[in-house]
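Values in this text are rule-based calculations from the coordinates and carry no lab data. Note that the structure is predicted; figures quoted are calculated from it, not measured. Cβ atoms come from the backbone with ideal geometry, glycine included; neighbour counts cover every protein chain shown.
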Amino acid sequence: MEPMRAISPAALTENTFRLIGTDWMLVTAGAKNSFNTMTASWGGLGFLWNRNVSFIFVRPQRHTYSFLERHDIFTLSFFDETYRNVLQYCGSKSGKDVDKVSETKITPAETGQGGIYFSEARLMLECRKIYYQDIIPENFLDQKIADNYSLQDYHRMYIGEIVTCLSR
């Protein structure tokens, strides 16, 4: 496997609709000795407040949520299709109940800023939280959106400034 190299987020040529919505990602927060990861297919990348940013959505009952609340850094790890089973596993099991890393055999790595990502990723974005906002159902302009929340467990949106971008 070729080593990852640092690139500018502006150099990304990925189709973000496919990258996030179809290919999925692992959202990871925590520190070397204690972290959690979860699969996500909601989010985006863009330019906001004169910064390259990502935005992710996490429900409060997800185990990763508490790690996102306690830590300033989170990472987004993107994989090639051969890791689909890893993404499915990490999206269907809770880190409260299983050790996702030992079960999937993915290799945690630490960034210079203490973020945790996975060595097998083909793309990694390290993000520093700069804003959060809870989804407010009263603001749904299309009421069909509420169908995503039968338990009324509204996501928290996190916006992170992309501070590191590694690619193969």
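Points worth noting:
- Between region 79-131 and region 56-72, the alpha-carbon centres lie 14 Å apart.
- Residue-count net charge about Phe67 - beta-carbon cut-off 12 Å; Lys, Arg +1, Asp, Glu -1: +2
- Seen from Pro9, the other residues with C-beta closer than 12 Å to its C-beta sum to a net charge of -2, counting Lys and Arg as +1 and Asp and Glu as -1.
- Peptides ranked, highest mean first, by Cβ atoms within 10 Å: ranges 4-16, 57-69: 57-69, 4-16
- Taking all Cα pairs closer than 8 Å and separated by 6 or more residues, the relative contact order of region 5-167 comes to 29 percent.
- Here the dipole of region 5-167 is about 220 debye; that uses its Cα centre as origin and unit charges on the Cβ of Lys and Arg (positive) and Asp and Glu (negative).
- Charge tally around Val58: other residues with Cβ under 14 Å, Lys/Arg +1 each, Asp/Glu -1 each, net +2.
- Applying a threshold of 23 Å to the alpha-carbon distances of Lys100/Lys144; Lys32/Lys100; Lys105/Lys129 flags Lys100/Lys144; Lys105/Lys129 as lying beyond it.
- Point-to-point label distance, Arg59-Thr82, nm (Cα→Cβ direction, 7 Å offset): 3.3
- Summing Cβ point charges (Lys, Arg +1; Asp, Glu -1) relative to the Cα centre of region 42-119 gives a dipole of roughly 200 debye.
- Taking 0.36 nm per residue of separation and subtracting the Cα-Cα distance, full extension of the segment from Gln143 to Ala10 would add 44.4 nm.
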